[in-house]
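Single-structure report; data block below.
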Amino acid sequence: MTQEIGGFAALGLTQNILAALTAVGYEEPSPIQQQAIPVILAGHDMIGQAQTGTGKTAAFALPLLSRIDPAKREPQALILAPTRELALQVATAFETYSKQMPGLNVVAVYGGAPMGPQLKAIRQGAQVIVATPGRLVDHLRRDEKVLSTIQHLVLDEADEMLKLGFMDDLEVIFQAMPESRQSVLFSATLPHSIRAIAEKHLKSPQHIKIAAKTQTVARIEQAHLLIHADQKVNAVLRLLEVEEFDALIAFVRTKQATLDLASALEAKGYKAAALNGDIAQNQRERVIDSLKDGRLDIVVATDVAARGLDVPRITHVFNVDMPYDPESYVHRIGRTGRAGREGRALLLVTPRERRMLQVIERVTGQKVGEVKLPNAQQVLDARIKKLTSSLAPLVADAEASHGDLLDRLTADIGCSPRALAAALLRKATNGQALTLADVEKEQPLVPSSGPRDRGDRPDRGERPARGDRERRAPMPLAEGRARCRTALGARDGIAAKNLLGAILNEGGLAREAIGRIQIRESFSLVELPEEGLDRLLGKLKDTRVGGKPLKLRRYRED
């Protein structure tokens with residue numbers, strides 16, 4: 001007699017994978033996981049057509065981990081992702097799901113980071129490689145055998161990969177792997193270019209298509225505001241002044257950030273708590289129970305810690321830190337708008353994260369409108385409204401029950417009823433600013449977009465004015481060198497070491513081949529070898545530094 005098993009256990013996953021899923025709170029597989037896991041476990045090639053937010057990362061990660069042998073110290077699975085952010089997200093997911101698999105190692109391979117440690121991890125036998133195509137091709141140029149032991153390949157968000165121009169790189173990667181490998185392709189859409197890849201490189205693939213579920217997102221009012229990274233805490237505090245919320249979850253990227261923000265909120269009188277991967281299960285349950293019954297109003301969480309969190313009274317989600325990919329964004333905002341209720345999701349976006357906002361809008365098919373941070377008048381109005389709401393129910397019978405006491409107090413103190421009422425209000429509000437002038441004197445409001453006001457900048461001291469710095473003549477060139485220019489400068493948070501590292505990694509140059517690097521406010525100058533310069537600039541054309549395109553060009557000194 002066969003015992004019936006539900007959930008993930010019924011899909012044939014190994015016990016150590018099931019244990020890891022239990023630890024992160026997964027209970028029931030999503031439709032794409034339910035259909036794709038058995039196909040991948042059986043070793044078939046597959047085309048998965050699924051939108052972001054359907055759980056497709058686990059749909060390929062879980063069966064692949066079940067098929068990998070940790071005892072073999074060699075690369076066995078390759079996952080290709082279109083962006084660095086997605087590669088990091090997928091690598092993190094593999095690490096989470098493989099926590100019960102001793103000896104299993106994952107390496108993320110992407111541009112903008114040193115190549116040496118990445119190649120070393122591969123050569124030391126990391127069984128799972130999660131890579132962006134461009135950087136992986138760079139590794140293949142150094143060692144053409146890097147992928148010779150790959151048994152499983154996944155192309156994640158294949159349509160995005162082709163939009164970013166990785167077709168040629170993909171062909172190089174396909175040729176470097178054994179033909180006997182299993183190949184799985186995930187894509188939200190299946191244009192002709194994707195079908196051509198499938199026909200050429202996949203063997204009798206099974207096709208799984210999952211309809212997107214957008215109704216939850218459609219019930220959620222979404223908005224974003226531009227903010228500087230070092231002013232996020234102030235921004236959150238300002239938003240909480242004017243947002244009328246029942247319960248709220250704030251998402252950040254790191255465990256430390258959960259603790260820092262929760263402490264800042266508690267200091268302002270909010271009932272808040274942190275939720276991260278270091279929180280014990282019994283403590284996690286207490287936090288969630290407290291959020292459900294109203295003892296807590298705000299939880300500050302990481303993505304992994306919030307898995308499976310379902311509290312109907314959550315009306316707001318604050319994305320304090322930008323999610324790594326659109327799928328995480330959809331998961332996050334899905335914490336609100338539950339049980340048919342309306343929800344509101346706010347996303348804090350730093351200037352360098354605008355591109356990820358555009359990706360989120362394109363993938364979700366919804367515009368995330370911009371809002372401004374509340375000004376001093378809006379904060380004052382919100383405070384007075386809350387005070388009015390708290391006092392209004394007490395006024396009805398106050399004169400009958402406390403009128404005589406009022407007369408005695410005014411006589412004993414020797415003041416008017418108005419003066420006594422004002423004093424009691426001051427005590428009731430614990431000294432909170434309730435005049436426009438006092439609110440404006442508090443922590444300065446954070447600019448909502450554009451460059452910082454001059455008042456936010458540190459004192460210039462004896463530094464020359466910006467115009468003088470920008471017009472400063474470049475240093476004389478050494479013989480055999482050419483000067484190149486990038487639009488990245490000090491205002492982008494760029495230092496000379498950032499440019500040096502990117503050019504060394506992506507250009508394949510020796511350190512001594514690079515001359516002086518001059519960082520200006522709105523651009524930088526780099527001295528490179530004159531010989532072969534055009535070829536070098538071609539190699540660097542897709543390089544990014546700090547998330548922004550390098551775009552080095554020959555500098556004309558006319």
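The values are calculated or read from the model by the stated rules, or taken from the named source; none is laboratory data. For clarity, every value in this text was computed on a predicted model and none was experimentally measured. Cβ placement follows ideal geometry from the backbone for every residue including glycine, while neighbour counts extend to all protein chains displayed.
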Within the set of pairs 6+ apart or on separate chains, which have a first residue in the range 168-192 that is among the acidic types (Asp, Glu), a second that is surrounded by 12 or more Cβ atoms within 10 Å (Cβ to Cβ), and C-beta atoms under 7 Å apart?
169/133; 169/134; 169/137
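Residue-wise test of (1) surrounded by 10 or more Cβ atoms within 10 Å (Cβ to Cβ); (2) hydroxyl-bearing (Ser, Thr, Tyr); (3) modelled with pLDDT of 80 or more; (4) assigned to a loop (DSSP other than H, G, I, E, B).
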site	(1), (2), (3), (4)
443	yes, no, no, yes
448	yes, yes, no, yes
455	no, no, no, no
458	no, no, no, yes
464	yes, no, no, yes
469	yes, no, no, no
Flagged pairs (Cβ under 7 angstrom, 6 or more apart or on separate chains; first in the range 110-132, within 19 Å of residue 90 (Cβ to Cβ) and at pLDDT below 90; second acidic (Asp, Glu) and crowded, with 20+ Cβ neighbours inside 10 Å) are 111/506
(1) more than 28 Å from residue 157 (Cβ to Cβ); (2) under 21 Å from the mean Cα position of the chain (by Cα): which one isn't true of residue 288, the others all being true?
(2)
Failed condition for residue 179, given (1) acidic (Asp, Glu); (2) surrounded by fewer than 19 Cβ atoms within 10 Å (Cβ to Cβ); (3) at pLDDT below 90, with all others met?
(3)
If we keep only residues of the range 352-379 that are within 20 Å of residue 231 (Cα to Cα) and in contact with a Ser or Thr (Cβ under 7 Å, 6 or more places away or on another chain), then the residue surrounded by the fewest Cβ atoms within 10 Å (Cβ to Cβ) is 372
Mind listing just one residue for me: the one in the range 118-131 that is touching a strand residue (DSSP E or B) at 6+ places or on another chain (Cβ under 8 Å) and assigned to a loop (DSSP other than H, G, I, E, B) and, of those, surrounded by the fewest Cβ atoms within 10 Å (Cβ to Cβ)?
126
Scope the range 235-274; condition under 11 Å from residue 302 (Cα atoms), outside any helix (DSSP H, G or I) and modelled with pLDDT under 90; matching residues:
253, 254
Would you say residue 294 is at positive phi, modelled with pLDDT of 90 or more and not polar (S, T, N, Q)?
yes
Conditions: (1) modelled with pLDDT under 85; (2) in contact with a Gly (Cβ under 9 Å, 6 or more places away or on another chain); (3) not polar (S, T, N, Q). Residue 333 meets all but one. Number of the miss?
(1)
Quick one: residue 393 ticks every box in (1) over 30 Å from residue 222 (Cβ atoms); (2) surrounded by 10 or more Cβ atoms within 10 Å (Cβ to Cβ) bar one, so which box is it?
(2)
Could you go through the range 499-517 and let me know if any residue there is over 26 Å from the mean Cα position of the chain (by Cα), part of a strand (DSSP E or B), at pLDDT 85 or above and surrounded by 14 or more Cβ atoms within 10 Å (Cβ to Cβ).
yes
Which of the residues that make up the range 133-145 are touching a residue at least 40 places away in the same chain (Cβ under 8 Å) and touching a strand residue (DSSP E or B) at 6+ places or on another chain (Cβ under 8 Å)?
133, 136
Does residue 359 count as hydrophobic (A, V, I, L, M, F, W, C) and part of a helix (DSSP H, G or I)?
yes
Applying the selection to the range 476-498, what residues are of a type in the set (A, V, I, L, M, F, W, C) and not in a loop (DSSP other than H, G, I, E, B)?
482, 484, 490, 496
From the option list 305, 229, single residue qualifying as surrounded by fewer than 20 Cβ atoms within 10 Å (Cβ to Cβ) and touching a residue at least 24 places away in the same chain (Cβ under 8 Å) is 229
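Could you grab me the full set of residues in the range 275-287 that are closer than 24 Å to residue 324 by Cβ and part of a helix (DSSP H, G or I)?
Matches in the range 275-287: 284, 287.
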Within the range 204-220, work out how many residues are at pLDDT 90 or above and out of contact with any Gly (no Cβ under 6 Å at 6 or more places or on another chain).
4
Residue in the range 408-416 that is among the small types (Gly, Ala, Ser), touching a helix residue (DSSP H, G or I) at 6+ places or on another chain (Cβ under 9 Å) and part of a helix (DSSP H, G or I) present:
no
